[in-house]
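Coordinate-derived values only; no laboratory data. Since this is a predicted model, take the numbers as computed values, not measurements. Every residue, glycine among them, receives a Cβ derived from its backbone with ideal geometry; neighbour counts consider all protein chains shown.
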Amino acid sequence: MTDHPLRNTPAMDAFWMPFTANRQFKAAPRLLVSAEGMHYTADDGRRILDGSAGLWCVNAGHGRRGIAAAVERQLATLDFAPTFQMGHPIAFEFAERLAEIAPGGPDKRLDRVFFTNSGSESVDTALKIALAYQRAIGQGTRTRLIGRERGYHGVGFGGLSVGGIVSNRRVFPQLNGTDHLRHTHDPARNAFVKGQPEHGAELAEDLERLVALHGAETIAACIVEPVAGSTGVLVPPKGYLERLREICTKHGILLIFDEVISGFGRLGAPFATDFFGVVPDLVTSAKGLTNGTVPMGAVFASRAVHDALMQGPDGIELFHGYTYSGHPIACAAGIATLDIYREEGLLTRVADIADDWAAAMHDLRGRKGVIDIRTIGLVAGIELAPRPDAPGKRAYDVFVDCFERGLLTRVTGDIIALSPPLIIERGQIGEIVDILGAAIDRVA
Ligand code: PMP
């Protein structure tokens with residue numbers, strides 16, 4: 001098979017690629033042209049095992065006919081209709097289906113759903129809901145938002161401000177009054193741990209420290225990823241999320257879990273909220289919501305938060321929304337996705353394979369340059385010793401080598417992140433380890 005005709009054409013300059021140096025990409029383009037099940041096909045015809053579910057989003061695997069058919073039907077029936085002062089049935093249907101599996105426990109289920117178009121929009125929406133909620137209950141002085149170092153909450157100004165990735169923040173102004181907890185990554189005490197580390201719950205006391213510093217009456221919400229994904233798979237220490245929940249409750253601070261990655265079965269429960277048994281007040285989602293097929297996000301809110309914003313004299317308390325909130329095509333894709341999750345038991349399947357996954361990943365321990373391995377659910381972070389002269393280069397080289405050997409991974413700093421579709425077979429777990437091991441050896 002020959003290379004794709006796009007190669008070496010001006011088209012390769014026209015697309016301004018996200019988080020990517022076009023010039024570097026163009027020199028050796030990696031082009032994916034089709035996908036089915038656990039595999040992509042590259043433009044040179046090679047099959048690439050999808051070790052990262054695209055970008056943490058294709059949870060049910062690729063090429064699902066049910067989703068394609070639902071999207072096609074919906075396009076032919078109702079391509080677009082507004083949801084401002086108007087509605088269309090499928091948005092309500094999808095919200096109801098989501099409410100049935102909404103994160104939470106018997107006493108508190110976050111079954112009120114606000115639709116967005118991405119993870120970043122879900123985060124900014126959740127932050128705005130938190131601010132509007134505090135004002136609605138007479139706590140208008142609470143305008144401060146707390147995030148965490150090494151948190152990733154997308155690229156909107158809200159998400160950027162509570163996020164903790166220095167390079168993403170540096171050039172841009174931040175929202176006033178944000179502050180950050182320390183991250184929980186502690187390789188000195190917690191290296192090569194399967195699941196939740198023993199040490200570090202005390203880091204949640206950072207929130208008490210910020211309350212003491214700023215005053216609880218200034219703080220609206222605290223947002224964290226239950227498992228930080230994009231910054232290299234940081235798993236919460238035992239007791240940490242529980243303690244954050246206690247401190248938030250004590251001080252009237254809303255707790256937001258950013259479940260853009262951890263939602264929809266990634267850990268072996270529908271949401272990380274359910275997996276860890278800690279219930280926040282708002283949950284953000286996207287990605288697995290539509291199996292990555294049609295861009296969409298959703299914010300799940302508790303009834304207490306929702307109802308407080310429905311008491312306004314004119315009936316509108318939240319001046320916020322998107323042209324495409326509840327887009328019919330995205331909703332059709334979402335409902336078909338939920339059907340697949342239900343029929344194939346995918347929202348809990350990982351519970352059965354997580355131990356095998358962890359064992360296989362930890363087999364890479366001892367390879368040259370591997371300084372930590374972290375696993376939870378169907379996620380793994382393999383951390384390599386950075387080259388002193390070129391931080392990030394070693395993991396990037398492993399990523400490139402893996403691709404050449406037929407495996408798609410994600411790279412962040414000197415960490416290789418893995419999060420394959422939830423339909424993965426045990427044999428394919430072995431394949432990932434074999435390829436990754438060979439790539440690590442070669443680059444070392
Ligand atoms: N929050 C988290 C936790 C994420 O992992 C991401 C994306 N990886 C986002 C927000 C942003 O989502 P999007 O790229 O869809 O805007």
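By the rule of a C-alpha distance below 26 Å, with chain neighbours fewer than 8 residues away ignored, the lysines paired with LYS26 are LYS393.
First check a/c for segment 252-309, with a ≥ b ≥ c the square roots of the eigenvalues of its C-alpha gyration tensor; if it is under 1.5, answer rounded, and if not, answer prolate when a/b is larger than b/c or oblate otherwise. Cα axes put segment 252-309 in the oblate bin. Counting only pairs 8 or more places apart or on different chains, how many lysine pairs in segment 70-343 have C-alpha atoms closer than 27 Å? Here the count comes out as 10.
Among beta bridges identified by DSSP and lying wholly in the chain, the antiparallel ones come to about 65 percent. When you count the other C-beta atoms within 10 angstrom of each residue and take the mean per peptide, 435-441, 168-174 line up highest first as 435-441, 168-174.
Would you compute, from DSSP H runs of 4+ residues alone, the mean residue ellipticity of the chain at 222 nm, taking -39500 (n - 2.57) per run and dividing by the full residue count, rounded to the nearest 500? Theoretical 222 nm ellipticity from helices: -11000 deg cm²/dmol.
A full extension of the chain between GLU100 and GLU217 corresponds to an added length of 38.7 nm, given 0.36 nm per residue minus the alpha carbon distance.
Membrane-span-like helices in the chain, defined here as complete DSSP H runs extending at least 15 Å along the helix axis by their C-alpha atoms with mean Kyte-Doolittle hydropathy no lower than 0.0, are 65-77, 89-100, 119-136, 328-343, 346-362, 426-443; this is a sequence and geometry rule, not a statement about a membrane. Computed over neighbours whose Cβ is under 11 Å from that of MET38, the net charge equals -3, Lys and Arg +1, Asp and Glu -1. Structure remark: mean-square fluctuation, Gaussian network model of the chain, C-alpha springs under 10 Å; the largest value among ARG47, ARG426, ARG64 belongs to ARG426. As a rough guide to protection, the peptides 282-289, 342-349, 55-62 ranked by mean Cβ packing within 10 Å, highest first, stand as 282-289, 55-62, 342-349.
Length available on full extension from ALA191 to VAL400: 0.36 nm per residue minus the Cα-Cα distance, which gives 72.7 nm. Overall form of the chain: oblate. Here a/c, set by the Cα gyration tensor axes a ≥ b ≥ c, is 1.5 or more, and a/b is not larger than b/c. Pop a pseudo-label 7 angstrom from the Cα along the beta-carbon direction at both ILE371 and ARG169 and give the gap in nm to one decimal. A separation of 2.2 nm, rounded to one decimal place. Take the Cα of SER34, step 7 Å toward its Cβ, do the same at PHE157, and the gap between the two points is 4.5 nm. Label positions at GLU72 and ASP355, each projected 7 Å from the Cα along the C-beta direction, are separated by 4.3 nm.
Computed over neighbours whose Cβ is under 11 Å from that of GLY61, the net charge equals -3, Lys and Arg +1, Asp and Glu -1.
Taking other residues whose beta carbon is less than 11 angstrom from the beta carbon of ILE376, and scoring Lys, Arg as +1 and Asp, Glu as -1, yields +3. Treating r as the C-beta distance of ILE137 and ASN8 and R0 as 45 Å, the FRET efficiency rounds to 0.15.
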